[in-house]
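Structure record follows, encoded as structure tokens.
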Amino acid sequence: SSTHKIISVVFVIFCSLSTTLTAVMQIDDLAEVDYSLSSLPAVFRPFIDLDLKGVVFPAGNYTDSPYVAASFTIPDQSDSMLYLAFSEYFFQTSSFAYYTAGAFNMTIAEETCSYFNINTEIFGSIIPEVAKYSVTPYPVMLKLMSTEIPIISLQQDSFTLEIQGSVEVLAVLPDSTTQSLFTLNIAANTSISLNIFDKKLMGSLCLNR
């Protein structure tokens with residue numbers, strides 16, 4: 001109808017102006033997302049297609065992503081009012097942003113380790129060198145660090161997460177200084193499957209290695 005055509009033209013003009021603007025929303029203290037239109041919308045009688053950038057970057061630091069966005073399509077369905085699809089690029093830039101912001105680095109404090117009775121004596125029973133260094137049991141603290149950007153890959157019904165990092169174990173001495181005991185390099189590959197059960201989105205986790 002003529003009304004439909006007029007609405008479509010006005011909508012396209014509005015969106016064409018919007019493509020020149022940057023739409024940024026802060027996710028949290030560490031990251032922001034650019035959800036600007038990446039192209040003009042495709043207007044059809046039964047539906048409208050909107051392509052958004054979906055680039056996540058460190059808060060206050062809009063840096064170029066090392067990844068390249070690949071085009072994809074949503075299956076042709078019309079049972080619901082709204083369909084949302086997130087590309088692998090969105091998750092890759094999210095991983096890059098949080099890695100750059102240091103979100104994957106953390107310290108497990110002495111108090112937490114002491115609560116679980118983790119001290120140099122426990123590590124000394126496993127690693128003889130630690131036992132030789134620390135005759136008297138000392139409390140410890142752990143420093144966890146991601147050494148590379150976590151890799152997220154999407155599959156048909158699941159996605160995998162590959163993480164490489166290190167764990168440094170430090171003894172907390174009586175004068176409150178710390179002494180590094182050893183560093184353990186770790187690599188993990190995890191698969192996460194998503195299913196809808198009783199109208200709820202459920203996830204199952206499987207550690208591959």
Completion exercise
Note on the stretch 80-172: contact order normalised by length, alpha-carbon pairs under 8 Å, 6 or more apart, percent, works out to 29
Practice task
Could you tell me whether the stretch 110-151 comes out rounded, prolate or oblate from its Cα gyration tensor? Rule is a ≥ b ≥ c as square roots of the eigenvalues, rounded for a/c under 1.5, then prolate if a/b exceeds b/c, otherwise oblate.
Solution key: oblate
Fill in the blank from the handout: Rounded to whole angstrom, the alpha-carbon centroid of the stretch 171-190 lies from that of the stretch 150-165 at a distance of 27
Problem - Sorted peptide list for 158-165, 93-100, 82-89, criterion being average Cβ within 10 angstrom, highest first - result: 93-100, 158-165, 82-89
Exercise for the section: Rank the residues 193, 36, 125, 80 as a footprinting-exposure proxy: fewest other Cβ atoms within 10 Å of their Cβ go first. Expected result: 80, 125, 193, 36
Problem - Shape call, the stretch 104-209: gyration tensor on alpha carbons, a/c limit 1.5 - result: prolate
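Bear in mind that the values in this text are calculations on the coordinates, not laboratory data. Since this is a predicted model, take the numbers as computed values, not measurements. For neighbour counting, all protein chains shown are included, and Cβ atoms are generated from backbone atoms with ideal geometry for every residue, glycine included.
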